[in-house]
């Protein structure tokens with residue numbers, strides 16, 4: 001049924017092609033609302049997996065959420081690779097506030113730094129030290 005979609009494609013394009021092919025055989029949402037609802041469902045499943053601290057389940061659910069987002073891009077007639085490239089470029093352009101981070105704000109209290117990041121859209125550091133972007 002979904003044969004013919006190359007597994008060698010980048011994951012977003014492979015997902016895009018899979019959802020496009022599924023749509024052609026009648027497996028599709030009536031409107032974008034259905035895709036948004038699927039994304040909400042997948043987000044809730046991801047939250048549950050995070051609470052359970054099951055890494056393989058978290059990976060699976062994040063993949064499902066990403067697949068749903070790619071399906072939404074197809075539904076909206078937006079190339080997911082181009083959309084993500086533009087978001088990446090925007091993040092790079094917005095990175096100026098975090099150059100030299102975290103030492104740049106070493107004299108600030110943790111709460112003050114968190115509030116600055118929350119309101120400025122610049123990244124914050126998770127408990128394990130990885131960077132996460134907050135918008």
Subject >> Filtered residues of the range 15-47 (kept if over 12 Å from residue 75 (Cβ atoms) and free of Cβ contacts under 8 Å to residues at least 12 places away in the same chain) >> reply: 24, 26, 27, 37, 40, 41, 44, 47
Subject >> Within the range 27-100, helices (runs of 4 or more DSSP H) holding 1 or more residues that are at pLDDT below 95 and within 18 Å of residue 11 (Cβ to Cβ) >> reply: 55-75, 80-93
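The values are calculated or read from the model by the stated rules, or taken from the named source; none is laboratory data. This is a predicted model, so every value here is computed, not measured. Heads up, the Cβs are rebuilt from the backbone with ideal geometry, glycines too, and the neighbour counts pull from every protein chain shown.
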